[in-house]
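Working notes for the structure below.
The values are calculated or read from the model by the stated rules, or taken from the named source; none is laboratory data. Small disclaimer: the values here were computed from a predicted structure and weren't measured. Here Cβ is always computed from backbone atoms with ideal geometry, including for glycine, and neighbour counts include all displayed protein chains. Remember, those area values only see protein heavy atoms, side chains included, never the ligands or the DNA or RNA. Shrake-Rupley method; radii C 1.70, N 1.55, O 1.52, S 1.80 Å.
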Amino acid sequence: MKILKWIVGILVVLALLFYFVAMPFMREQTKKNSPETTNVYQEGGYDLLVNYSSPSKKGRVIFGELVPYDKVWRTGANEPTRFETKTDIMIKGKALPAGSYSLWTIPGKDKWQIIFNSEIPDWGATLSSMGQEATRNPETDVLQVEASVIDMSASQESFTITFDDSYGLFLSLAWDKTKVQLPIFRKT
């Protein structure tokens, strides 16, 4: 019985060390390669924010290889992308209430599914899959829309999410030679 208590005690200490020391260290190290970026849009009655980690291409084939087609992606690196709106909005004609959401995507060759989820998990991918399996809970999806892929002529080195208001307001996701855009409107 004493040995069992001793083993359980060691396992608890190891788990705590992993959670409080190793995880923060890993996050700090990965953010050196995929820096955290925040974009804010506060014009025309909108108050929007997107926070994500921006990985780089580094000569890799991105979509279809590093980011597989037809599989849930946490949309960026390190943690899931966080999208916030302080007002009710419409995305591609569908309502998204004011709030904070995790942003997930399912990239396809010609179309992407973009998913706004009410849960914002810490890591966004399972450790057992070495980061290849997303931790999104589909039961907490709030909105899912589809966007067509726009092929860009020039390759973009870093993954970016921006608010583009050159001809209406769009949430734009771009990396390598791929771009998708979602139109955003204020809910009336």
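Any residue in the stretch 45-61 that is touching a Lys or Arg at 6+ places or on another chain (Cβ under 6 Å) and either among the hydroxyl-bearing types (Ser, Thr, Tyr) or in a loop (DSSP other than H, G, I, E, B) (or both)? Yes: the stretch 45-61 contains one or more residues that are touching a Lys or Arg at 6+ places or on another chain (Cβ under 6 Å) and either among the hydroxyl-bearing types (Ser, Thr, Tyr) or in a loop (DSSP other than H, G, I, E, B) (or both). For the stretch 104-148, filtered to residues that are in contact with a Gly (Cβ under 9 Å, 6 or more places away or on another chain), among the aliphatic types (A, V, I, L, M) and open to solvent by less than 30 Å² (accessible area, probe 1.4 Å), the residue that is modelled with the lowest pLDDT is ALA125.
Limited to the stretch 44-55, what total is found for residues that are open to solvent by 50 Å² or more (accessible area, probe 1.4 Å) and closer than 11 Å to PHE163 by Cα? Here the count works out to 0.
Could you list, in sequence order, the residues of the stretch 65-87 that are over 24 Å from VAL142 (Cα atoms) and surrounded by 14 or more Cβ atoms within 10 Å (Cβ to Cβ)? Spell out how you get there, then give the answer.
Kept after step one, since they are over 24 Å from VAL142 (Cα atoms), are these residues of the stretch 65-87: 65-66.
Hit for the stretch 65-87 is LEU66, nothing else.
Would you check if there is a residue in the stretch 178-188 being in a loop (DSSP other than H, G, I, E, B), surrounded by fewer than 18 Cβ atoms within 10 Å (Cβ to Cβ), at pLDDT below 95 and of a type in the set (Val, Ile, Thr)? Taking every residue of the stretch 178-188 in turn, at least one turns out to be in a loop (DSSP other than H, G, I, E, B), surrounded by fewer than 18 Cβ atoms within 10 Å (Cβ to Cβ), at pLDDT below 95 and of a type in the set (Val, Ile, Thr).
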